[in-house]
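A quick write-up on the structure given underneath.
The values are calculated or read from the model by the stated rules, or taken from the named source; none is laboratory data. From a predicted model like this one, the values you see are computed outputs, not experimental measurements. All Cβ positions, even for glycine, are placed from backbone atoms using ideal geometry, and neighbour counts span all protein chains on display.
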Amino acid sequence: MMKNQKILEQEQQAILLSPADWLRYFTYAEQHTLGSSLCIQLMGTVSWCGALLGAPQYNGYYALSLVYLAGLVLTTWLTAKGTNIISRTCGRIAYVMVLSEALMFLLQSSPNQVIWSLAVGAVIVIAMSPLHSDPLSFMLCGVVISGQLMLRYLNVILSSSEAVWMLCLLVFPLVFGAMLNYLYLVERARGYMANLRLVDLAYVDSLTRINNRSAFLSELHQASTTSSNLPLCFMLLDVDNFKAINDQHGHAMGDCTLHGIAQRIRAIAGAACCGRLGGEEFGIFLHATPGQALQLATVINQAIASQPISGLSVSVSIGLAASEPGMTPEQLMLQADQALYQAKQAGKNRSIFYCSTKKQKNGRRGGQS
């Protein structure tokens with residue numbers, strides 16, 4: 001089917017990741033898999049408690065068992081409270097180290113502790129491989145488990161008549177675990193990057209590479225509900241005589257012009273949110289005083305009109321409005337639209353604040369007062 005083919009194409013493209021993409025993915029994956037890791041750690045703690053209750057010499061374990069239990073709980077808490085990928089990875093490794101020592105503490109009472117150590121270590125290594133978002137943290141944990149549960153018996157293993165089998169049980173879990181970890185890594189990275197591309201298609205304007213109408217309006221509604229000591233100021237920008245640009249120079253030149261204008265708006269807007277609302281219209285909003293908003297609009301007027309874009313001299317007209325108590329975003333945009341109409345009627349290439357008396361309020365032309 002066509003849709004399945006498109007999905008496969010997106011996934012094939014998604015595997016071509018840059019170093020920045022990988023770093024962004026690892027950060028996301030650490031957050032995404034945190035819940036699963038905590039569940040596995042809690043299950044490991046519960047399983048160890050069950051093994052403790054079934055140990056042959058349980059009655060003599062009270063003091064040390066409480067120490068190991070506290071260590072398992074503490075390292076799980078450290079993983080949960082980690083604020084970044086490094087702290088959460090360190091929490092996982094610390095948990096594995098404590099769990100390995102706790103298991104060795106129990107296995108010392110068994111006459112078959114070598115076999116038990118190999119079996120338990122193999123199960124843990126393979127089981128934890130899908131949980132690690134990167135091969136490095138998996139291999140670190142795998143080496144820790146192997147060293148604490150298996151390698152300490154290396155002399156016994158080498159002197160055994162079943163040394164080859166035991167070495168296989170030591171090496172193969174690491175190999176299989178690394179393979180599983182890599183396969184999960186590739187699939188997760190493909191899915192993540194494909195989702196990023198879908199988000200990009202849904203919320204970024206394909207021509208200008210700034211927010212599209214849907215993303216911009218969503219941000220505007222969210223900003224309108226955010227408490228601030230400053231009013232929410234909205235600017236509606238329209239490219240002057242844009243139809244003439246398309247008619248005289250072609251739609252390709254018109255597209256280049258819109259892209260250039262969008263890049264200048266984004267560079268000047270700074271922390272303010274900007275987006276393309278459709279056609280040759282753009283929007284900007286920010287929490288600021290009317291004077292600050294008008295000053296920003298004037299800078300945009302001057303920056304666009306002062307230098308050609310794609311070899312053409314262009315300008316924009318800007319209508320501004322400031323929110324009042326109880327005003328909806330739609331009403332704010334309507335006021336800015338009315339102010340934009342006044343700017344067009346007054347000669348274009350200027351910024352005008354909405355005024356209910358139909359008078360120009362603080363109107364400025366082309367960066368001039």
### Task
Scan the helices (runs of 4 or more DSSP H) fully inside region 26-133 and keep the ones with 2 or more residues being over 16 Å from Ile145 (Cα atoms).
34-53, 62-81, 85-107
### Task
Mind listing whichever residues of region 315-351 are within 37 Å of the chain's Cα centre (by Cα), in a loop (DSSP other than H, G, I, E, B) and not small (Gly, Ala, Ser)?
Glu324, Pro325, Met327, Thr328
### Message
I'm trying to understand the selection: among the residues of region 155-167, which are part of a helix (DSSP H, G or I) and surrounded by 14 or more Cβ atoms within 10 Å (Cβ to Cβ)?
### Response
Ile157, Met166, Leu167
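Yes/no matrix, rows are residues, columns are (1) on the phi > 0 side of the Ramachandran plot; (2) among the hydrophobic types (A, V, I, L, M, F, W, C); (3) at pLDDT below 85:
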site	(1), (2), (3)
Leu23	no, yes, yes
Leu42	no, yes, no
Thr83	no, no, yes
Ser87	no, no, no
Cys90	no, yes, no
### Task
For Leu207, indicate whether it is outside the structural domain of Ala336 (by TED's automatic domain parsing), among the hydrophobic types (A, V, I, L, M, F, W, C) and under 30 Å from Val314 (Cβ atoms).
yes
## Note on the structure
From the option list Leu185, Leu294, single residue qualifying as touching a residue at least 12 places away in the same chain (Cβ under 8 Å) and in contact with a helix residue (DSSP H, G or I) (Cβ under 9 Å, 6 or more places away or on another chain) is Leu185
### Query
Would a scan of region 186-196 turn up a residue that is under 30 Å from Glu280 (Cβ atoms) and surrounded by 15 or more Cβ atoms within 10 Å (Cβ to Cβ)?
yes
### Task
Give the residues of region 225-242 that are buried (at least 18 other Cβ atoms within 10 Å of the Cβ) and closer than 25 Å to Cys355 by Cα, sorted by residue number.
Pro231, Leu232, Cys233, Phe234, Met235, Leu236, Leu237, Asp238, Val239, Asp240
### Query
Counting only residues that are closer than 20 Å to Asn349 by Cα and under 22 Å from the mean Cα position of the chain (by Cα), how many does region 214-242 have?
0
